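*Asks:* My questions will all concern the structure given below.
The values are calculated or read from the model by the stated rules, or taken from the named source; none is laboratory data. All figures in this text were calculated on a predicted structure; none of them were measured in a lab. Cβ placement follows ideal geometry from the backbone for every residue including glycine, while neighbour counts extend to all protein chains displayed. Note: accessible area is taken over every heavy atom of the protein model, side chains too, but ligands, DNA and RNA are not part of it. Shrake-Rupley method; radii C 1.70, N 1.55, O 1.52, S 1.80 Å.
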Amino acid sequence: MKLSYITGMSFDLVLFGGTGDLAWRKLMPALFQAFRHGTLPKDGRIVGVARDDLTDDAYRALIHERFDQVDLAKRPTPGEFERFAQHLHFLRMDLSKPQDFQRLAQWLGPRNADVVVMYLAVGPSLFTVACEQLAAAGLNRPNTRLVLEKPLGHDLASNRSINETVRRAFSERQIFRIDHYLGKPSVQNLFALRFGNALFEPLWRRDTISHIEITIAEDFGVEKRGTFYDTTGALRDMVQNHALQLLCALAMEPPINAHADAIRDEKLKVLRSLKRWTPADLAQHAVRGQYGAGVANGEQVPAYRDEPGVDPASRTETFVALRAEIANWRWAGVPFYIRTGKRLAARDAHIVVNFRPAPHAIFNSPPGTVNRLVIELQPRDGLQLHLLAQGQENRRATQNLAPVHLDLDFEHRFGSERVGAYERLLLDVIDGRLNLFVRSDEQEEAWRWVEPVLEHWQAEESNGPRPYAAGTWGPSAASAMIARDGHSWSEEL
Ligand code: BG6
């Protein structure tokens, strides 16, 4: 996937939700990094749109203030901010008012930029009205690209209805559905590992792989998003999108080329091959949990139900563990264990590919040691290959093997100034590159797979999510789930 950002072009990026959390935390810092790295086309305007009453200068001042919250190395110097700020503008808009879209059209009009990006960083309830109004104001021209942030719906039906409305105004190739996990350098490297190297391909199948773990653990709680999260839960927030996209990247067949649809066709096949849930599977292979009070990073932290915005009797899950199977020739019978949660013992996202043991043992190896490939997604971005080797105990011949691992730290190898997920994705939108964005049929298929779990949990009146103490690895039922297959999570080894 060769990168060649077109720096000579002009663009206008309209950021709906311009004073929202995502704009402050992710989008503005990412746009600034692109500016600093010289990849943001110079002839570009970024216009924040919201209901607030702000002048351009007041908006710039607010953004400047928010940069105090980003890592020191990623903050602009006063000179850098002054130059970056020249790209920034603000427009007051009420999405329910057609005349406000006319004003936006006038604002954009005379310049006629090469690319116009409409970034909807607003709640999904506003997607429909925004798209209808954009179309009514003639703002869905062929050079317009629409970016949709998750969540795209609450279930399959709402997802479909959003996609249908959006497609009435924009064609599929104009729609960029963000899953920021696909923009992470570690996920790019997963594609590179699988499809840029011939080494693993012959091993990447049921004959050699026993099981795969996907863990996305967070040590923080719901922070200020209690109200949103309480109606969402971990399955919708993390599994339907991020975890299933990781599963696709792991399990898909090699695409015929690196074009967006070739990649997305293969991901879609994986989602379609996910084994459907039976009542027995739902009872045994879908665990939900909710954090109680505990200690995280040395500090006493409250229970989920005591977080601001959360219903004190909430049954929303903050932890999910699932056992998935892919019913095709490559993967039949290989469990994929997915686990994600808030307020867990560490912020740690990784994938462990566990290989089968040697078929015939002529050496002694410590129990439970097999070859493993660990793909570290965050906080470290790296690869570890776990092997067994012969040490030199007592300088005598020995049959005993010891575990060793080869370690590749990408940040160390390529430098810490790597392109962040949002920076990469925003540039891809401006550049019209759809590879790392999710097609509507992928999204719908992912909803189709998670929906029976949601329905099962809703129907289970007596059992709510299992409690776990903040700062632990989730409810013990998650360990029991994987132990039934004779395995354990990597940190329990
Ligand atoms: C978001 C979820 O999509 O991803 C958040 O809504 C979650 O709840 C976040 O914390 C995780 O992203 P990252 O990049 O920090 O792992």
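*Asks:* Tell me, what is the per residue accessible area of region 131-179 in Å², probe radius 1.4 Å?
*Replies:* On a per-residue basis, region 131-179 sits at 39 Å².
*Asks:* In whole angstrom, how long is each semi-axis of the equivalent ellipsoid of region 189-230, when you take the square root of 5 times every eigenvalue of its Cα gyration tensor and sort them from largest down?
*Replies:* 36, 14, 8
*Asks:* Please work out how much length the chain gains when fully extended from residue 284 to residue 198, using 0.36 nm per residue of separation minus the C-alpha to C-alpha distance, in nm with one decimal.
*Replies:* 27.3 nm
*Asks:* Between their Cα atoms, which of 97/224; 42/74; 42/184; 224/275 are more than 27 Å away from each other?
*Replies:* Pairs exceeding 27 Å: 97/224; 224/275.
*Asks:* The chain: percent of C-alpha pairs farther apart than 41 Å?
*Replies:* 22 percent
*Asks:* Bin width 5 Å, origin at 0, all Cα-Cα pairs of region 120-205: what percent of pairs per bin?
*Replies:* It works out to 3, 13, 19, 18, 12, 9, 10, 8, 5, 2, 1, in whole percents.
*Asks:* Let me ask something else. Specify the angular offset, from 0 to 90 degrees and rounded to the nearest 10, of the alpha carbon long axis of helix 98-108 from the longest principal axis of the alpha carbons in the chain.
*Replies:* Helix 98-108 sits at roughly 90 degrees to that axis.
*Asks:* Here's something else I'd like to know. Could you tell me what percent of the accessible area of the chain is made up of carbon and sulfur, with a 1.4 Å probe and every protein chain present?
*Replies:* 52 percent
*Asks:* How far is it, in nm, from the label point at residue 295 to the one at residue 160 when both lie 7 Å from their Cα along the line to the Cβ?
*Replies:* 5.1 nm
*Asks:* Continuing with this model, one more query. What do you get for trypsin sites (Lys or Arg not before Pro) in region 362-448 restricted to DSSP loop and a cutoff of at most 11 other Cβ within 10 Å of the site's Cβ?
*Replies:* 396
*Asks:* If you don't mind, another one. So if we plug the beta-carbon distance of residue 74 and residue 408 into 1/(1 + (r/R0)^6) with R0 = 22 Å, what FRET efficiency do we get, rounded to 0.05?
*Replies:* 0.35
*Asks:* What three numbers, in Å, describe the spread of the alpha carbons of region 397-442 along their principal axes, ordered from the longest?
*Replies:* 62, 32, 12
*Asks:* Does anyone have the angle between helix 185-195 and the longest principal axis of the chain? Alpha-carbon axes, 0 to 90°, nearest 10?
*Replies:* That helix lies at roughly 60 degrees to the long axis.
*Asks:* Provide the net charge surrounding residue 216, with neighbours chosen by a C-beta distance below 9 Å and charges set as Lys +1, Arg +1, Asp -1, Glu -1.
*Replies:* Net of charged neighbours comes to -1.
*Asks:* Determine the gain in length on full extension of the stretch residue 103-residue 313; use 0.36 nm per residue of separation and subtract their C-alpha separation, reporting nm with one decimal.
*Replies:* Difference between extended and current length: 71.1 nm.
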